[in-house]
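Here's the structure, in structure tokens; my notes come after.
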Amino acid sequence: MCTVFAHTHIRNVIIDGKTYDRGECIRPYESNFNFPVKGVDNKQLVCRTTSMSTSSTDMCNIKAGSTITLEFHEEEDRGSRAIEGKHYGPCIAYLSKIEADGSPIGFFKIFEQGYDSSSKKWCIDDLNANDGQLEVTIPADIEDGDYILRGEIIALHLAEKK
């Protein structure tokens, strides 16, 4: 599990009712967790780290078809909001098989929630209303193996024209 976000981070994950912290299914990040990662070729987009070592992180077993809850917070405190309410944008989750050294082989999307025109709400609105919790279902037909799950929030207020 890794975390890469603009002004928020995955504080915890919940698998089968058990809550895990960094070092337990979540790779520790080497830089300040509350600053956005910019640039599509920035290596920190993968997991907020340039080191993909799995030595500091326990692997967690997740069954195909299971639901995992990603819990986002701006601060280390689980009581903090998920993300500032004006940081509108989609929430996305990806999976990638990993090499023996922990490096991802190629990410593919398994979840996306953007703007709901009927409710006039972004994923961020739902995330904050749910105390930072976002449920993601692992595909039921996924091949067994070691994977990395990457959660992402794209805060559109930082979008730039080039």
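Read the figures in this text as sums done on the coordinates, not as results from a lab. Computed from a predicted model, the values in this text were never measured in an experiment. When we count neighbours, we look across all protein chains shown, and the Cβ atoms used for this are built from the backbone with ideal geometry, even at glycine.
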Along the stretch 66-71, Karplus-curve 3J(HN,Hα) (6.51, -1.76, 1.60; θ = phi - 60°) to the nearest Hz, with x for Gly and Pro, reads 6, 9, 10, 9, 8, 10
Under the 7 Å Cα-to-Cβ spin-label approximation, residue 101 and residue 61 lie apart by a distance in nanometres of 2.9
Derived scalar couplings ³J(HN,Hα) [the stretch 110-127; Karplus, 6.51 cos²θ - 1.76 cosθ + 1.60; whole Hz; x for Gly, Pro]: 10, 7, 8, 9, x, 9, 9, 5, 6, 8, 6, 10, 8, 3, 4, 4, 5, 4
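Could you sort 66-74, 147-155 so that the peptide with the highest average Cβ count within 10 Å comes first and the rest follow in order? Mind dumping the intermediate values first?
Details: 66-74: 19.7, 147-155: 22.2.
By packing density, highest mean first, the sequence is 147-155, 66-74.
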Distance check, please: which entries in 18/109; 18/120; 63/86 exceed 30 angstrom between their Cα atoms? 18/120; 63/86
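Any chance you could list the semi-axes, whole Å, largest first, of the equivalent ellipsoid that the Cα gyration tensor gives for the stretch 101-153, using √(5λ)? Before the final figure, lay out the partial values.
Values: eigenvalues 149, 30, 23 Å².
Over the Cα atoms of the stretch 101-153, the ellipsoid semi-axes are 27, 12, 11 Å.
Under the 0.36 nm per residue contour assumption, what length would be gained going from the current alpha-carbon distance of residue 24 and residue 69 to full extension? Present the calculation step by step, with values, prior to reporting the outcome.
Details: separation 45, 0.36 × 45 = 16.20 nm, distance 1.42 nm.
Stretched out fully, the residue 24 to residue 69 stretch lengthens by 14.8 nm.
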